[in-house]
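K.L.:
A single structure is presented below for examination.
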There are 2 protein chains.
Amino acid sequence: MIQIAVLGYGTVGSGVVEVLNTNKDTIAKKAGEEIQVKYVLDLRDFPGDPIQEKVVHDFEIIVNDPTIRVVAEVMGGVEPAYTFTKRALLAGKSVCTSNKELVARHGAELLKIAKENHVNYLFEASCGGGIPIIRPLNSSLTGDQIDEITGILNGTTNYILTKMIQEGSEFDEALKEAQEKGYAERNPEADVEGHDACRKIAILSSLAFGKQVNFEDVYTEGITKISASDIKYAKAMDDSIKLLASSKRVGDDVYAMVSPVLVGKEDPLFSVNGVFNAIFVHGNMLGDAMFYGSGAGKLPTASAVVGDIVDEAKSGSRNVMASWSEEKLDLSDIKTSRKKFFVRVYGELEKELEKIEAIFGPVEPIVLEELAGEFGFVTEEMTEAEFEEKERKYGTLISRIRIRNL
Amino acid sequence: MIQIAVLGYGTVGSGVVEVLNTNKDTIAKKAGEEIQVKYVLDLRDFPGDPIQEKVVHDFEIIVNDPTIRVVAEVMGGVEPAYTFTKRALLAGKSVCTSNKELVARHGAELLKIAKENHVNYLFEASCGGGIPIIRPLNSSLTGDQIDEITGILNGTTNYILTKMIQEGSEFDEALKEAQEKGYAERNPEADVEGHDACRKIAILSSLAFGKQVNFEDVYTEGITKISASDIKYAKAMDDSIKLLASSKRVGDDVYAMVSPVLVGKEDPLFSVNGVFNAIFVHGNMLGDAMFYGSGAGKLPTASAVVGDIVDEAKSGSRNVMASWSEEKLDLSDIKTSRKKFFVRVYGELEKELEKIEAIFGPVEPIVLEELAGEFGFVTEEMTEAEFEEKERKYGTLISRIRIRNL
């Protein structure tokens, strides 16, 4: 029997207990022995909940109990999770986590400590909820040089954008609906400004490229400025708009960014709708691959944490994670990265086209009858810096959205 | 340094050598040591190819060389691959393979022999080419009870069906084009009759359900009877037709089958086109997940074999695969499985509808102007046996296609 402790009895923590209870027998079979929750650490008490008899308020009880082999850290946030994780690893206990903030900030260090102590720091649940992506990157796609990882990594923003596309609603309405349905938090900033996706792509990039990618270095733009009119153009072009978190190797450069992007019908990410997430990977031998599933939610995320616990049980505490170096990966300035842009401007096509083509070069214009006094166009491929320069020359744009180049 | 032997220098075998050469440095980093091909077993010689100096014609050299730790069996077919694999495992060498026939037929036994000899039998490349699916089933989705695996597991048939949908062509034309492009073999039977997909779903089902699923027990229907007119109806219903290989737990029953199926727009499998493969998995905690990528081809398949070799190098020959029991899983007769059917009949809707509804119950009719003298309809959900009984009562149908119930 393997005894574990769960740190935090919130959404994910209670999910971990539920998954372990519901699938007790199949899990025991796969792990080779029964997995039992001995402690749940929480500041609160849960009178009436069968979990109450396992609740402790003091981490010392857990870290000093030699029968605890695995700790599931599902509290979120950097502290006290960081201190608890470090102490558990140093005490020879493996840690499985869903905590993206902590992995993004201290992943390299915690992986190193785990390795030195012959235990594991596992974080499948930190990116893409229930979608297996960390382990495939770590142990399946090892014959490949990974050239690109591009994901829809945030379910809240994907739900909002899907609603805007399906119902023609404005951002504010769609956000409100997401909040009412519990898909967005009351303070939605971390999601809608792209910070959540940014942390996740930093983790995936660190793992894929083998060096620390600091999330502060990742250019991040949220979806708050996307309007119902932008969506109308996207639909007219048979495209969709997705918040993509992406890192890409181009020659000697590695670019990483989070931003709303126009995605074409042929793209496997096109039909990833609602709260679903997906991660597209390009390997130099494998070609294109994509992993799709529930990116968040109590049970899918808990399922990923439990998958890590089972893996740890099977591994017999042999270190299984590839680590990435604490050395910082120097991301290239996205101003030098190349793509096409979709642009909306005021005025009439006939009057403005000459000026536009003089500045932007040949463009593909799009005029929508329902949107008078403006039109849109798609530029040729250029660097972000070139685009900014042209924008300065032209003057005020209504909006501009990047276009994904597959 | 880890020395390996490659059995068979065909498409996949030469791909394995190419992947190991091209990504030599990143692979060495991930494996923890360099991986070197010491022998290539083939009946042929390859004068002028740098591989020639490693070519041997006698398996005894490989099995008796204690420096060989891993054997990549990429010859295909049951014999001599079965004998070679068994002897390699008994000699304490791990075996990585792309050989679906062998895994489907003798997987349980070979996994058992591997376990007894403290080595591994790894077969990521046997299903879905480069798509990581075996390892996620084996070590990621372990917190879940898997209720369904449904895959587009054969690139040739998916290419043919995609062509038929995009170009309105008949099966024979699309097959000819696939053969000209090298996507279909001169004798296409194994692909178009569903036998290839059948072996793959047998492997995936055995792994997911933990007992031997014999491929002979899987109901299998190919795509040769799908016509351009069937496709016209599918398009009119906004559906696609895919060859799905599926196994599903329904209460105490497990059903497995391979057959062409109408797939709706909301289904993540809908937009899997061309030679791409995808595997949809439903777990009782995870919900829906899907894995998408190149299901075949030299380099993607070789990339999966090399991923297994790297995993083996990292595992230090500790047994990492969950095995399935040699005990046979009793599949339920698909005659008791429930679904809706799309049916085409001769005649005019007005004249036939009464008779049809008297037999089939309420239906949704579809009339296409371009197809005179016939019409189609969608039935309510019923068992396969009920449908057959109704068909007998009604008389000759033009065609019937199953409809996927998500």
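K.L.:
Nearest 10 degrees, 0 to 90: what angle lies between the long axis of helix A:155-167 and the longest principal axis of chain A (Cα atoms)?
P.N.:
Value to nearest ten degrees: 40.
K.L.:
In degrees from 0 to 90, rounded to the nearest 10, what is the angle of the helix A:100-116 Cα long axis to the longest principal axis of chain A?
P.N.:
It is inclined by approximately 50 degrees.
K.L.:
What does the charge dipole of the protein assembly as shown about its Cα centre add up to, to the nearest 20 debye, if the Cβ of each Lys and Arg holds +1 and the Cβ of each Asp and Glu holds -1?
P.N.:
1960 debye
K.L.:
Kindly provide the Kirkwood hydrodynamic radius of segment B:1-145 in Å, to one decimal, from all pairs of distinct alpha carbon atoms.
P.N.:
This gives a value of 15.7 Å.
K.L.:
May I pose another question? Using a label point 7 angstrom from Cα along Cα-to-C-beta, what distances in nm, from shortest up, separate B:SER227 from the other copies?
P.N.:
5.3
K.L.:
For the pair A:ASN21 and A:ASP147, how long in nm is the line joining their label points, each one 7 Å along Cα→Cβ?
P.N.:
4.9 nm
K.L.:
Which whole number gives the average count of other chain Cβ atoms within 10 Å of the Cβ atoms across peptide B:126-138?
P.N.:
Partner Cβ neighbours, averaged per residue: 4.
K.L.:
Please list the three semi-axes, largest first and in whole Å, of the ellipsoid equivalent to segment A:135-294, using sqrt of 5 times the eigenvalues of its alpha carbon gyration tensor.
P.N.:
They are 27, 17, 14 Å, listed largest first.
K.L.:
Give me the net charge for the shell around B:PHE276: Cβ to Cβ below 12 angstrom, other residues only, Lys and Arg +1, Asp and Glu -1.
P.N.:
Net local charge, B:PHE276 excluded: -1.
K.L.:
If you count, for every residue in A:305-311, the Cβ atoms of partner chains within 10 Å of its Cβ, what is the mean?
P.N.:
For this peptide, the per-residue mean of nearby foreign Cβ atoms is 5.
K.L.:
I want to check the label-to-label distance for A:GLU388 and A:HIS118. Put each point 7 Å from Cα in the C-beta direction and report it in nm to one decimal.
P.N.:
5.2 nm
K.L.:
Still on this structure: Pull out the extension gain between B:ALA236 and B:THR11, defined as 0.36 nm times the separation in residues minus the alpha carbon to alpha carbon distance; nm, one decimal.
P.N.:
Contour length minus the Cα-Cα distance gives 77.0 nm.
K.L.:
When each copy gets a label point 7 Å from Cα toward the beta-carbon at A:ASP333, what are the spacings between them in nm, shortest first?
P.N.:
Spacings between copies for this position, smallest first, are 7.4 nm.
K.L.:
Same structure, new question: If contacts are Cα pairs under 8 angstrom and at least 6 residues apart, what is the relative contact order of chain A in percent?
P.N.:
18 percent
K.L.:
Given bins 10 angstrom wide, list per bin the percent of all Cα-Cα distances in chain B, short to long.
P.N.:
Cα pair-distance distribution for chain B, in percent: 5, 22, 29, 23, 13, 6, 3, 0.
K.L.:
While we're here: How far is helix A:298-315 tilted, in degrees, relative to the longest principal axis of the Cα atoms in chain A, given as a value from 0 to 90 rounded to the nearest 10?
P.N.:
50 degrees
K.L.:
In terms of Cα to Cα distance under 19 Å, which lysines are near enough to B:LYS232, apart from those fewer than 8 places away along the same chain?
P.N.:
Here the lysines satisfying the reach criterion relative to B:LYS232 are B:LYS163, B:LYS242, B:LYS265, B:LYS340.
K.L.:
Quickly work out the A:ASP65-to-B:THR396 label distance, labels modelled 7 Å from Cα along the C-beta direction, and quote it in nm with one decimal.
P.N.:
Distance between the two pseudo-spin positions: 7.4 nm.
K.L.:
Which residue in B is nearest the B/A rotation axis when you measure from the C-beta atom, and what is the distance in Å?
P.N.:
Residue of B nearest the axis onto A, distance in Å: B:SER271, 2.
K.L.:
Roughly how crowded by other chains is peptide B:289-302, in terms of the mean Cβ count from those chains within 10 Å of each of its Cβ atoms?
P.N.:
6
K.L.:
Taking A:LEU43 in one copy and the same position in all the others, each labelled 7 Å out along Cα→Cβ, what are the pairwise distances from the first, in nm, shortest first?
P.N.:
7.3
K.L.:
Can you give the Rg/Rh ratio of the protein assembly as shown, where Rg is from the C-alpha atoms and Rh is the Kirkwood radius?
P.N.:
That ratio is 0.98, to two decimals.
K.L.:
OK, next. Report the relative contact order of segment B:259-313, percent, no decimals, based on alpha-carbon pairs under 8 angstrom and at least 6 residues apart.
P.N.:
Answer for segment B:259-313 is 22 percent.
K.L.:
Counting only other residues whose beta carbon sits under 10 Å from that of A:ARG135, what net charge do I get with K and R as +1, D and E as -1?
P.N.:
My count for the surroundings of A:ARG135 gives -2.
K.L.:
Dipole of chain B, Cα-centred, from +1 at each Lys and Arg C-beta and -1 at each Asp and Glu C-beta, to the nearest 20 debye?
P.N.:
The dipole of chain B has a size of about 1120 debye.
K.L.:
Would you pull out the residues with amide H under 5 Å of A:ILE2's amide H, same chain only if 5 or more places away, H placed 1.01 Å from N?
P.N.:
A:GLU34, A:ILE35, A:GLN36
K.L.:
Hey, can you grab everything whose amide H is under 5 Å from the amide H of B:ILE398? Only 5+ residues off in sequence or another chain; H modelled, so Pro and N-termini drop out.
P.N.:
Close amide H contacts, sequence-distant or interchain: B:ARG344, B:VAL345, B:TYR346.
K.L.:
Give the relative contact order (percent, whole number) for segment B:93-180; include only Cα pairs under 8 Å separated by 6+ residues.
P.N.:
21 percent.
K.L.:
Tell me which residues come under 5 Å, amide H to amide H, from A:VAL40 once H is placed; ignore anything under 5 positions away on its chain.
P.N.:
A:VAL6, A:VAL55, A:VAL56
K.L.:
Please list, in order along segment B:242-253, the HN-Hα scalar couplings obtained from phi with the Karplus expression 6.51 cos²θ - 1.76 cosθ + 1.60 (θ = phi - 60°), rounded to whole Hz, x for Gly and Pro.
P.N.:
Running phi through 6.51 cos²θ - 1.76 cosθ + 1.60 with θ = phi - 60° gives 10, 7, 9, 10, 9, 9, 8, 9, 10, x, 8, 8 Hz.
K.L.:
Hey, another quick one. What area, in nm² and to one decimal, does the C-alpha convex hull of segment B:323-406 cast on average over all directions?
P.N.:
Answer in nm², one decimal: 7.6.
Bear in mind that the values in this text are calculations on the coordinates, not laboratory data. Values in this document were obtained by computation on a predicted structure and should not be read as measured data. No Cβ is skipped: glycine too gets one built from the backbone with ideal geometry, and neighbour counts run over all protein chains shown.
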